[in-house]
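Written out below as C-alpha cells is the structure these notes cover.
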2 protein chains.
Amino acid sequence: MPALSLVDRIGAFLPLSTTERAALLELTERERGVRRGATLVRQNERSTELFALKSGMMMGYVLLDDGSRQIVRFLFPGDLLSTNVITYGKAHQTLVAVADSVVAPIDRAQLVEATLRFPRLALALAAIEQTEGAALADRLAGIAKTSARARVAAVLLELRDRMRRSDPAIGDSFVPGLTQEEIGDATGLTAVHVNRMLRKLEDQGLIARMAGRVTILDEPALHRAADRVDRQAGVDLSWLPETREA
Amino acid sequence: MPALSLVDRIGAFLPLSTTERAALLELTERERGVRRGATLVRQNERSTELFALKSGMMMGYVLLDDGSRQIVRFLFPGDLLSTNVITYGKAHQTLVAVADSVVAPIDRAQLVEATLRFPRLALALAAIEQTEGAALADRLAGIAKTSARARVAAVLLELRDRMRRSDPAIGDSFVPGLTQEEIGDATGLTAVHVNRMLRKLEDQGLIARMAGRVTILDEPALHRAADRVDRQAGVDLSWLPETREA
DNA sequence: CGAGTACTTGAAAGATCTCAAATTAGGTGG
DNA sequence: CCACCTAATTTGAGATCTTTCAAGTACTCG
C-alpha cells in the first residue's frame, strides 16, 4: 500500500533542506504495528509520546460523561497523532486503529529538539495543527447546520477522498471499514438513523452498497447532498526564508 | 478594563527570556480599534495579516452555502486572530467585533521572522493552535451530542468564564452582548429555540435575566445542565530548553 | 415619537431518536 | 465444512425534540 509519509506531507507545502529532511526521517524511523481494533492511546493518559501514522487508518474520539462517544477525526498516513501531549502532557483523545496500521512513536523531547535546531519545522508543526483546526471547524459547521442525510454523504466523501490521497488507485468504490454505529458517532446521529440515510442515498441512486463496500454512483449529486464547504488544501509555507542551521 | 495580553498568555505556560518577551511586545505594538459590529476580516479574503486581540470581544464565523452562519469561536484578549493566513494566505473565518475592541495587526512575515530568531516562539504558536483545536473538539462534541438546553447553558458558562479571565471582577452576573440569534448561530439552534431554552433555564431557577444581563443563580446546576467536558487549561511548555539566540 | 430590531409565545410540521424485533454477516469451535 | 454465536444491519411504530410560521410585545436609536 503506497502511503504518504510525514516527510512527504510537510515537503508538499515547504521545500525541505537535506538536513531538515534527514531530521524528520530520523524522527519517524521507529515503527510499531497496531492491529485493527486495538487502542494506541487512551484519553487523559499522561504521556510524552506522540506518533506519526505511516500506514493504515485510525480514529480519534472523546468519551462524554454519559458514556457516548464522539469521533473527532479520522487519521490517515502522514497525520500526526496525539500532538496534544506536546502542550498538555496528556492525550485528549483515544486513538483506535480502524484498519491494521503502522505508527512511528516520537517522544516530544525528540521532536522539540529537532524544531529548535530547525525552526522551520516548528512552523510546519503549527501549520499541521492549523490544518486540523480548519478541518474541525468545517466538521463543526457541518454537524451544526446540515441534515442527517448531508452528514452521512459528507463522511462518505471525506473517507473516500482521504483514502485516495494515500492510495491513488481508489476510484469510486471503497470500503469505509466503519460500522454504522461509528459513522453515527462521527456525525452525531444514531446508528439506526445512519442506516436509514444510507438506504435513502442508495434509493436515490447516489451510492450502491454491497458487502461493506460503497460505490459512489453519482458523485456530483453526492457532493450536492453533502453541501460541504470545500476547503481545498491550499497550505503553503514555501515563502519561508531558509535558515542557517545549528 | 484589565486585559490579558498575548505576552501574558504565552508567559503563563512558557517562561520567556527578556529578549523573547521584547520580541513579542514589539510584534503587538501597533493598535487598531474595531467598533462593535464592525468586520475586521472577511472569509476567503487573501491577506498576510493576522491580529492579536488586545481588548474587547470578537467572534469568528463561517458562512455556509445556504447563507446561514456558523459561529466557530468567540475571541478574547490574548487570542490570536486569523492565524490561518500564515499557512493558507487567506482568512478562513469572518471576524466581527461583538464589543468595541482593539487589535494589534501583525504581518505574518514579522511573526515568522520572530519565530526563526526565537524558535521557542514557534512552539508557543503551535501550542496556541492546539488550544484552539482542543476547544473546537469540545464544541464539536457538545453540539453533536447534547440537547439544546445543554448547549445554551454551555455557551453561557463559556462566555462568563472567558470574560472573567480578562476581567476578574466579573462574578455571577455578566452581559453576554450577543443576540439570541447569535447564540443560535454558535450552538446550531434557531433563535426561537434559544429563547425557549433561556426561558426554561430561567423558569428552573438556574439563571435570571434582565435588560440583557444574565445572572447565574445556581452555578452547579448550570454546569450539570451543560454537561460539558471540562478541559481545564493545563498547557505547559515550561519544560522547553532555553535556546541561544541569534 | 416612530421605525426597526430583538424578543417572546403559540401551534403545527418535520426531523431524529428510542424501543423492539427480525434479518444478515462474520468468526469460531467442533 | 457445518453449526452456532455474537455483532451488525435492517425495518417499523411511536415518542420527543427542534424547526417553521405567524403574530404580538418590548427596546433602542435617531
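The values are calculated or read from the model by the stated rules, or taken from the named source; none is laboratory data. Computed from a predicted model, the values in this text were never measured in an experiment. Cβ sites come from the backbone with ideal geometry, for glycine too, and all protein chains shown count toward neighbours.
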Against the conditions (1) assigned to a helix (DSSP H, G or I); (2) under 30 Å from residue B:37 (Cα atoms); (3) within 13 Å of DNA strand D (Cβ to nearest atom), where does residue B:225 fall short? Just the number, please. (2)
Scan the range B:201-214 and report the pairs whose first residue is more than 14 Å from every other protein chain (Cβ to nearest Cβ) and closer than 17 Å to residue B:179 by Cα and whose second residue is part of a loop (DSSP other than H, G, I, E, B) and within 14 Å of DNA strand D (Cβ to nearest atom), with Cβ atoms within less than 7 Å and a gap of 6+ or a chain change. B:212/B:175; B:213/B:175; B:214/B:176
Looking at (1) within 21 Å of residue B:11 (Cβ to Cβ); (2) at pLDDT 95 or above; (3) surrounded by fewer than 24 Cβ atoms within 10 Å (Cβ to Cβ), which is the one condition that is false for residue B:135? (2)
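Every residue, every condition in (1) among the acidic types (Asp, Glu); (2) under 15 Å from the mean Cα position of the chain (by Cα); (3) in a helix (DSSP H, G or I); (4) under 18 Å from residue A:210 (Cβ atoms), yes or no:
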residue	(1), (2), (3), (4)
A:162	no, yes, yes, no
A:169	no, no, no, no
A:177	no, yes, no, yes
A:189	no, no, no, no
For the range A:182-199, indicate whether the set of residues that are within 24 Å of residue A:63 (Cα to Cα), among the aliphatic types (A, V, I, L, M), touching a strand residue (DSSP E or B) at 6+ places or on another chain (Cβ under 8 Å) and at the interface with chain B (Cβ under 10 Å from one of its Cβ atoms) is non-empty. yes
From the list B:237, B:201, which one is within 30 Å of residue A:110 (Cβ to Cβ) and over 19 Å from the mean Cα position of the chain (by Cα)? B:237
What's the total number of residues in the range A:80-110 that are modelled with pLDDT under 95 and among the acidic types (Asp, Glu)? 1
Condition first: small (Gly, Ala, Ser) and within 8 Å of DNA strand C (Cβ to nearest atom). Now tell me which residues in the range A:192-226 satisfy that. A:211, A:212
Being surrounded by fewer than 19 Cβ atoms within 10 Å (Cβ to Cβ), charged (D, E, K, R) and either within 14 Å of DNA strand C (Cβ to nearest atom) or at pLDDT below 95 (or both) is true for just one of A:151, A:165. Which residue is that? A:165
Taking the criterion of being more than 14 Å from every other protein chain (Cβ to nearest Cβ) and loosely packed, with under 14 Cβ neighbours inside 10 Å, would at least one residue in the range A:218-240 satisfy it? yes
Checked the range B:93-107 for anything over 15 Å from the mean Cα position of the chain (by Cα) and surrounded by 21 or more Cβ atoms within 10 Å (Cβ to Cβ); matches are B:106
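One line per residue, one yes/no per condition, for (1) within 27 Å of residue B:95 (Cβ to Cβ); (2) hydrophobic (A, V, I, L, M, F, W, C):
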site: B:153; (1), (2): yes, yes
site: B:180; (1), (2): yes, no
site: B:184; (1), (2): yes, no
site: B:199; (1), (2): no, no
site: B:205; (1), (2): no, no
site: B:208; (1), (2): no, yes
site: B:214; (1), (2): yes, yes
site: B:228; (1), (2): yes, no
In the set A:233, A:191, A:246, which member is at pLDDT 95 or above and among the aliphatic types (A, V, I, L, M)? A:191
